[in-house]
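The values are calculated or read from the model by the stated rules, or taken from the named source; none is laboratory data. Keep in mind that what you see is a predicted model, and the values were worked out from it rather than measured. Neighbour counts are summed over all protein chains in view; Cβ atoms, including those assigned to glycine, are modelled from backbone coordinates with ideal geometry.
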Amino acid sequence: MDDEINLRDYVDVFVKHKKLIFSICMISIIFSIVISLLIKPVYEAKAVILVRNAPSSGAASALSGISAQFGMGAFNSGNLGDLNDLIKTKSVADDVLGNIKKIVHRSEISKLVLLELDKKTGKSNKGLGILGTLKTKINGIFLEVTVEHKDPTLAALIADSYVESLSVYW
């Protein structure tokens, strides 16, 4: 029995099935082009808030600093947890929406954006979908606010506005 690998056999198999191989590659390329053209891009803007409400005890403060360096934040979780809950309330979202409308009016970013804001705003939380997707993450003594939106300018404005609105309530 012949135990040698013959490269010629492999080349013959590829040549024999070249139409099938080429067809599969072309279908994959066309499929990926169609998908990439159909999917709308989503932009992400991130703002980070430093919460400095450390406990007054010296030992607890030292432990808080050490735990924050390792990303645990055990001694500040109450304040960060409250802040995390506050940022997700309808009051803050309404305030953010008002701020965005003022900014759009002042800077003339786009009249279409303003029309979209007016169209989608309502009394329920569903009407606030124009604000994109809000995600928060507690990381040590930091609160990371991430906004995903289909418009990159609005994503940045909304993330900044959430941070600004928190200063009113916090």
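Could you please find all residues in the stretch 115-150 being outside any helix (DSSP H, G or I), modelled with pLDDT under 80 and touching a strand residue (DSSP E or B) at 6+ places or on another chain (Cβ under 8 Å)? If you could, list the steps in order and put the result at the bottom.
Restricting attention to the stretch 115-150, the residues satisfying the condition of being outside any helix (DSSP H, G or I) are 121-124, 132-150.
Now restrict to residues that are modelled with pLDDT under 80: 121-124, 132.
Matches in the stretch 115-150: GLY132 only.
Set side by side, the residues ASP160, ASP95 differ, and just one is modelled with pLDDT of 80 or more, in contact with a helix residue (DSSP H, G or I) (Cβ under 7 Å, 6 or more places away or on another chain), charged (D, E, K, R) and surrounded by 13 or more Cβ atoms within 10 Å (Cβ to Cβ), which is ASP95. Taking the stretch 21-54 as the range and being free of Cβ contacts under 8 Å to residues at least 60 places away in the same chain and loosely packed, with under 10 Cβ neighbours inside 10 Å as the test, the residues that pass are ILE35, SER36, LEU37, LEU38, ILE39.
Give the residues of the stretch 147-157 that are surrounded by 18 or more Cβ atoms within 10 Å (Cβ to Cβ) and more than 7 Å from ALA45 (Cβ to Cβ), sorted by residue number. Result: HIS149, ASP151, LEU154, LEU157. Report whether or not LYS101 is exposed (fewer than 13 other Cβ atoms within 10 Å of the Cβ), more than 16 Å from the chain's Cα centre (by Cα) and at pLDDT below 80. Here the answer is no, as LYS101 does not meet what is asked.
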